[in-house]
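Scroll down for the structure; my scribbles are underneath it.
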Amino acid sequence: MNCGLKEVMLGHLSKENNFPELAYKTVVEELIESNKDSSKIKINVANRYEPSSLIEIATA
């Protein structure tokens with residue numbers, strides 16, 4: 001199923017309660033449970049200490 005979502009940026013990861021690998025894994029599992037094709041969605045995880053790469057935001 002195609003939901004139109006192409007790219008996602010996960011941010012605001014807590015130093016104490018979360019870490020990038022867990023956030024990524026959780027999102028992939030939720031996409032799979034929702035019958036979304038996670039291989040077609042680029043999932044970025046924001047770095048806590050340096051700027052993230054730019055992502056293009058397209059309007060429909």
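We did not get these values from a lab; they are worked out from the coordinates using the rules stated. Since we're looking at a predicted model, the values are computed, not measured. A quick note on method: Cβ atoms are made from the backbone with ideal geometry, for glycine too, and the neighbour counts reach across all protein chains shown.
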In nm, the gap between the two label points placed 7 Å beyond Cα toward Cβ at residue 48 and residue 19 is 1.0
For segment 1-52, state which GluC sites (Glu not before Pro) are in a DSSP loop and have at most 16 other beta carbons lying within 10 Å of their beta carbon.
16
Enumerate the amide H contacts of residue 41 below 5 Å, restricted to partners 5 or more residues apart or on another chain; note that Pro and chain-start residues carry no placed amide H.
none
For semi-axes √(5λ) of the Cα gyration tensor in Å, which listed value, (1) 33, 9, 5; (2) 22, 17, 7; (3) 17, 14, 8, comes from the coordinates shown?
(2)
Longest DSSP-loop-exposure-free segment, trypsin sites (Lys or Arg not before Pro), the chain, at most 16 other Cβ within 10 Å
16-35
To test your reading of the geometry: what angle, between 0 and 90 degrees and rounded to tens, separates the Cα axis of helix 20-33 from the longest principal axis of the chain?
20
For segment 5-17, Karplus-derived ³J(HN,Hα) couplings (6.51, -1.76, 1.60; θ = phi - 60°; whole Hz; x for glycine and proline) come out as 6, 10, 8, 9, 10, 8, x, 6, 7, 5, 5, 9, 10
